[in-house]
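Visitor: Sharing a structure with you now.
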Amino acid sequence: MSHGRGWEYPVDKKIQSDVELLQGLMEKAETLEGVEVVPGDGFVMMSPVSLERIRTFRRVTELLDARLDPELGLEAVGEIEFQHPEWDTPRSPDVVLWSPVDTPKRGAELIELAGEIVSPSSVENDYLAKTAAYAAAGIPVYLILDPYTRRALCYSRPADGAYRSREEFSYGEALTLPLPSGPVELDTGILPTAPAQSQRDAWPRHRSGYQD
């Protein structure tokens with residue numbers, strides 16, 4: 001039975017149209033400097049990148065560069081887009097330790113370490129969605145740095161779509177990254193933290209997946 005032309009628009013075409021619109025918004029938003037882009041359910045949220053996030057990125061890449069053997073050929077950078085068959089869309093970790101290649105399409109197999117720097121708008125993505133995505137891609141080490149709770153999480157030993165090892169550190173403790181190329185120690189005591197009024201003991205469990 002026909003209900004008129006207004007009822008004949010296929011649902012799959014509507015979904016495809018929405019996805020294309022969202023992707024277009026993401027591409028435009030990601031060209032803006034100093035803005036964090038977080039996709040949501042049918043929308044794109046943008047917020048200014050915090051100073052602690054910028055400073056954490058700078059400090060972590062400096063620490064990695066200082067501790068890595070140059071002969072390994074590894075590079076610590078950020079915001080490079082990677083692809084993997086398990087991912088619906090490409091991923092761009094805040095910090096990535098990888099084997100550089102000069103190709104427009106980069107596979108997640110090039111990554112030794114993926115790192116995310118938590119902001120209030122990215123808690124679920126960093127603690128939940130990206131943990132699952134990076135494990136599914138077999139990325140050896142996933143590091144979460146949280147300037148708000150002053151904690152770091154290090155996931156390693158991916159197998160069967162999940163990480164088998166998870167270690168938590170308070171800022172101030174030495175953290176050893178179990179990289180395939182060899183362990184690298186990071187002093188979390190020199191990592192930037194959020195302003196005192198923004199700090200917290202923990203995120204709610206529904207946002208982080210493990211904290212009380």
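Visitor: Looking at 202, 174, 137, which one is more than 26 Å from residue 66 (Cβ to Cβ), in the same structural domain as residue 78 (by TED's automatic domain parsing) and touching an Asp or Glu at 6+ places or on another chain (Cβ under 6 Å)?
Guide: Details: 202 fails: touching an Asp or Glu at 6+ places or on another chain (Cβ under 6 Å); 174 fails: more than 26 Å from residue 66 (Cβ to Cβ).
Just a single option satisfies the conditions, and that option is 137.
Visitor: All but one of (1) in contact with a Ser or Thr (Cβ under 7 Å, 6 or more places away or on another chain); (2) under 18 Å from residue 109 (Cβ atoms) hold for residue 191; which doesn't?
Guide: Result: residue 191 fails condition (2) only.
Visitor: Residue 132 fails exactly one of the following numbered conditions: (1) closer than 21 Å to residue 54 by Cβ; (2) under 14 Å from the mean Cα position of the chain (by Cα). What is the number of that condition?
Guide: It is condition (1) that residue 132 fails.
Visitor: Also, I was wondering about something else. If residue 126 passes every condition in (1) more than 24 Å from residue 49 (Cα to Cα); (2) at pLDDT 95 or above; (3) of a type in the set (D, E, K, R) but one, which one does it miss?
Guide: Result: residue 126 passes all but (1).
Visitor: Only strands (runs of 3 or more DSSP E) wholly contained in region 144-194 count here; list those with 1 or more residues that are surrounded by fewer than 18 Cβ atoms within 10 Å (Cβ to Cβ) and in contact with a Cys (Cβ under 7 Å, 6 or more places away or on another chain). Please lay out each step first, then the result.
Guide: On the way: elements: 151-159, 162-170, 174-177, 184-187.
Counting at least 1 such residues, we get 162-170.
Visitor: What single numbered condition from (1) in contact (Cβ under 8 Å) with a residue 60 or more places away in the chain; (2) hydroxyl-bearing (Ser, Thr, Tyr); (3) part of a helix (DSSP H, G or I) fails to hold for residue 134?
Guide: Every condition holds for residue 134 apart from (1).
Visitor: Within region 76-91, does at least one residue satisfy the condition of being among the aliphatic types (A, V, I, L, M) and modelled with pLDDT under 50?
Guide: No, every residue in region 76-91 fails to be among the aliphatic types (A, V, I, L, M) and modelled with pLDDT under 50.
Visitor: Now, a different point. Would you mind finding the one in 185, 124 that is under 28 Å from residue 65 (Cβ atoms) and either in contact (Cβ under 8 Å) with a residue 24 or more places away in the chain or in the same structural domain as residue 79 (by TED's automatic domain parsing) (or both)? Please lay out each step first, then the result.
Guide: On the way: 124 fails: under 28 Å from residue 65 (Cβ atoms).
185 is the lone residue from the list that is under 28 Å from residue 65 (Cβ atoms) and either in contact (Cβ under 8 Å) with a residue 24 or more places away in the chain or in the same structural domain as residue 79 (by TED's automatic domain parsing) (or both).
The values are calculated or read from the model by the stated rules, or taken from the named source; none is laboratory data. None of the values given here were measured: they were computed from a predicted structure. All Cβ positions, even for glycine, are placed from backbone atoms using ideal geometry, and neighbour counts span all protein chains on display.
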